[in-house]
Amino acid sequence: MTPKGNRATNAKTDAPANDNCQLSTVNYQLLLHKYWGFPDFRGIQREIIESIGAGKDTLGLMPTGGGKSLTFQVPALAQYGVCIVITPLIALMRDQVEHLRQLGIRAAAIHSDMKREEIVTILDNCVLGGVKILYISPERLSSELFQVKLRHMKVSFITVDEAHCISQWGYDFRPSYLEIAIIRDLIASNTKHIPILALTATATPRVVEDIQNRLGFAEKNVFSMSFERKNLAYIVRTATDKQQELIHILKSTQGTAIVYVTSRARSKETAQLLCDNGLSATFFHAGLDPEVKSQRQTAWQKDEVRIIVATNAFGMGIDKPDVRIVIHLDCPSSIEAYFQEAGRAGRDGKKAFAVLLYNDSDEHKLQKRINDSYPEKAYIQQVYESLAYYYQVGVGSGANSTFEFPIEKFCFTYKFFPIQVDSALQILMRAGYIEYERDPDASARVKFLLNRHELYRLDETEKQENAVITALLRNYGNLFIDYAYIDERYIADQAGLDLNQVYQTLKTLTQKNILHFVPRRKTPYITYVRNREDGANIVLSKEVYEDRKEQFAQRIKAMIDYVKNDNVCRSRMLLNYFGEKRTTDCGHCDVCLSKRHNPQMKSDEKTARQQIIQLLSDKQKHHITELKNILLSSDIIDTVMEEMINDEQIYIQGAYLFME
């Protein structure tokens, strides 16, 4: 039996719950079993559900594969109103909405691939109580249409997926996430306090604090699940020839694989290399057409292709539990990014591997990313000035003006490099001078050039052309007056054609001057959010520039420390980074395996630990130089000291060590 409209139901009786009803733990469990078939919750799911169900602002830290989605889907069914789920992951939206509908749960999503008419219908259904769970991208929160409709919705609670994106200290800060607190205030102005459930798989202690502050939590309330992945072996392998090592690893292992690279061109080149060596592979990046991305993702998910070579655009929101190996051909810029991408292996709980290939050139490349991502302030000012010359925007004018931004042409004209220009524009956006859309997915547009009577008198159109024209006229209004955004896939379905036939037919109709077709494009665009300033007056605050540059440099350093480490257990090192103290090693990373095969190292570490404890057993402060009296290698002593500090067995204050 499915839920009755938008009324919360009691899992035992299907009787409507009253407005103040808080389901008991048992009833949450029955909802879980009724719709998903699971006998009980796992990990910290129950605690999170009970917290948000009680109306408390809640932050849940759960590793990839920890079951985040159930923590908002189950309580959403137990309450009146619609649960708004904010996520940047369109693939996740589509997959989860489809799955929820199959379960009889009324779910919907609003994203960039949709027509305005579809969005209006969904929002009206939310107002009328026909939707229990609404997924929406953060960029849509600021739209006037959404905010107008939102004022009339009964909202149960707000879920913020990938919540680390709201933190300026996070590795993937997205300015659009800052709209969430505004949206919450907008709802609260018309109703009672609306609780927020924030979820993330990667957050340092500093980011955890920042998330709660920026979302306006009434009080601190964090539930944390161990990030440990006992089935996942982390391996760093030094390889002079990374490509040959990649081929060797993939030929030596079985099962589905993801290979991560840092550029679109490298994804294509690497996939071709693998195919040339007899391996089943394809490539994926954000620049591909949506239809191509969907086809390749589906082929990989159905095991029609074994290996997908991808940029970091791939993986978030993709539900494939049986990935056996994730290989990084290039080093990510942060532990957070690496941990999330590596964590896509072995989500089924079976043995899996996360392999990072490293050589001497990687450290230089990582260090170079700091200056590439944060060019000098004078350079940023120069880019801003050049934009004004490029678009002929005078000082004191240009506010709300939007321009297409062909970055290659701009860089050629003013002798810039694209990577630094891209970074400069992102910094100018964070400083509030421009809006920079790097990878828009602008839908195709159509406008008829003939009037309705001229169109009806045409007698030389082909069968396919008639089918496309009929589909356009039936599904879109005002095409004789102005351009309208169209969904080519929908037109294809209506006309009984494939996507390529629709595209070619629209091009032909354009050539015949029957209509004008503007294909889907991915050209970036820039909007001046305020009048143009003189470049010399551009202010980049400490928070926007120096603080974020320092934070980025620290993340780069942590990544370098991780790959160069050969003494500390990889899993322990990753967990320590996220504030989780561990006293045991994983036993199956490359460092642990090397120790197992080197009993002398293990013995020396044990001796160092005993002697440090003996030195500090008097509970007095000892200068760190006293450790030199231990007759073991400095590498061993440094490793053991770091482990003991992380495990809080000993403490450091300035240059002094002590025990409590």
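The values are calculated or read from the model by the stated rules, or taken from the named source; none is laboratory data. A quick note: this is a predicted structure, and the numbers were derived from the prediction, not measured. Here Cβ is always computed from backbone atoms with ideal geometry, including for glycine, and neighbour counts include all displayed protein chains. These area figures cover heavy atoms from the full protein model, side chains too; ligands, DNA and RNA do not enter into them. Shrake-Rupley method; radii C 1.70, N 1.55, O 1.52, S 1.80 Å.
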Here, GluC sites (Glu not before Pro) of region 411-482 satisfying both criteria (DSSP loop; at most 16 other Cβ within 10 Å) are Glu460, Glu462
What FRET efficiency would be calculated for the residue pair Gln254, Asn513, taking the C-beta separation as r and a Förster radius of 51 Å, to the nearest 0.05?
0.35
PRE zone check, label point 7 Å out along Cα-to-Cβ of Thr625, amide N under 15 Å, scope region 633-659, hits 655-657
One finds the C-alpha centres of region 493-560 and region 213-269 to be spaced, in Å, by 27
Based only on Cα atoms, what Rg/Rh ratio does the chain have, Rh being taken as Kirkwood's radius?
0.99
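Just to confirm, what accessible area per residue do you get for region 20-90 at 1.4 Å probe, in whole Å²?
Working: 2230 Å² over 71 residues.
Per-residue accessible area for region 20-90 comes out at 31 Å².
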Taking Rh as the Kirkwood radius, which is the inverse of the mean 1/r over Cα pairs, what is the Rg/Rh value for region 393-517?
1.13
Distance check, please: which entries in Lys268/Lys350; Lys242/Lys564; Lys242/Lys581; Lys564/Lys595; Lys293/Lys409 exceed 23 angstrom between their Cα atoms?
Lys268/Lys350; Lys242/Lys581; Lys293/Lys409
Probe 1.4 Å, accessible area per residue of region 218-329, Å²
45
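Taking the Cβ-Cβ separation of Ser361 and Gln147 as r and a Förster radius of 41 Å, what is the calculated FRET efficiency to the nearest 0.05? List each step's numbers first, then the result.
Numbers: r = 49 Å, r/R0 = 1.20.
According to the calculation, E is roughly 0.25.
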Taking 0.36 nm per residue of separation between Gln614 and Gln653 and subtracting their Cα-Cα distance, the length gained on full extension comes to 12.2 nm
Amide proton proximity set for Val160, modelled H, under 5 Å, gap of 5+
Ile86, Leu197, Ala198, Leu199
I'd like the accessible area for Glu533: 1.4 Å probe, protein heavy atoms, all chains in place, Å² to the nearest 10.
60
For Asp303 and Lys368 in one chain, what is 0.36 nm times their gap in residues minus the Cα-Cα distance, to one decimal in nm?
19.6 nm
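Please list Asp210, Asp360, Asp348 in order of solvent-accessible area, largest first, computed with a 1.4 Å probe with all protein chains present.
Asp360, Asp348, Asp210
Suppose R0 equals 56 Å. What FRET efficiency, 1/(1 + (r/R0)^6) with r the Cβ-Cβ distance, do Thr607 and Lys447 give to the nearest 0.05? Don't skip to the end; give the middle numbers.
Numbers: r = 80 Å, r/R0 = 1.43.
So, using R0 = 56 Å, E works out to roughly 0.10.
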Highest-first arrangement of 619-626, 55-62, where packing means the average Cβ count within 10 Å
55-62, 619-626
Name the residue from Tyr490, Gly53, Phe38 whose Cα lies farthest towards the positive end of the charge dipole of the chain, charges +1 on Cβ of Lys and Arg and -1 on Cβ of Asp and Glu.
Phe38
Express in nm, to one decimal, how much length is gained between Asp289 and Thr584 on full extension, taking 0.36 nm for each residue of separation and deducting their alpha carbon distance.
101.5 nm
Binned Cα-Cα distance frequencies in region 467-509 - 5 Å width, integer %
5, 25, 35, 25, 9, 1
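Using +1 on the beta carbon of Lys and Arg, -1 on that of Asp and Glu, and nothing else charged, what's the dipole of the chain about the Cα centre, debye to 20? Don't jump to the answer; show the numbers that get you there.
Values: 82 positive and 82 negative charges, 226 e Å.
Result for the chain is approximately 1080 debye, rounded to the nearest 20.
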Per residue, how much accessible area does region 573-660 have with a 1.4 Å probe, in Å²?
59
Just tell me which aspartates and glutamates come within less than 14 Å, Cα to Cα, of Lys365; anything on the same chain fewer than 8 places away is out.
Asp330
Excluding residues on the same chain fewer than 8 positions from Lys154, give the lysines whose Cα lies under 20 Å from its Cα.
Lys4, Lys56, Lys132, Lys192
Decide, for region 573-639, between rounded, prolate and oblate: order the square roots of the alpha carbon gyration tensor eigenvalues as a ≥ b ≥ c, take rounded if a/c falls under 1.5, and otherwise choose prolate if a/b is larger than b/c, else oblate.
oblate
Using θ = phi - 60° and the Karplus curve 6.51 cos²θ - 1.76 cosθ + 1.60, what whole-Hz ³J(HN,Hα) does each residue of region 344-359 get, with Gly and Pro shown as x?
7, 8, x, 6, 7, x, 8, 4, 8, 10, 10, 10, 10, 8, 9, 9
Starting from the Cα of Lys512, draw a straight line to each of the aspartates and glutamates and keep only those under 18 Å, dropping any in the same chain fewer than 8 residues away.
Glu454, Asp459, Glu460, Glu462, Glu465
Spin-label proximity, Tyr414 to region 363-378 - amide N less than 13 Å from point 7 Å beyond Cα toward beta carbon:
378
Exactly which GluC sites (Glu not before Pro) in region 208-257 are in a DSSP loop and have at most 16 other Cβ atoms within 10 Å?
Glu219, Glu228
Per-residue ellipticity at 222 nm for the chain, helices alone: DSSP H runs ≥ 4 residues times -39500 (n - 2.57), over residue total, nearest 500 deg cm²/dmol?
-13000 deg cm²/dmol
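Hey, any idea what % of the chain's accessible area is carbon plus sulfur with a 1.4 Å probe?
On the way: 14640 of 30290 Å².
Carbon plus sulfur share of accessible area: 48 percent.
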Find out how many positive minus negative residues lie around Leu92, taking Lys and Arg as positive, Asp and Glu as negative, among other residues whose Cβ is under 12 Å from that of Leu92.
-3
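Starting from the Cα coordinates of region 116-259, work out the convex hull volume and express it per residue in Å³. If you can, show how the numbers build up before the last one.
Working: hull volume 28.0 nm³, N = 144.
Measuring per residue, one finds 195 Å³ for the Cα hull of region 116-259.
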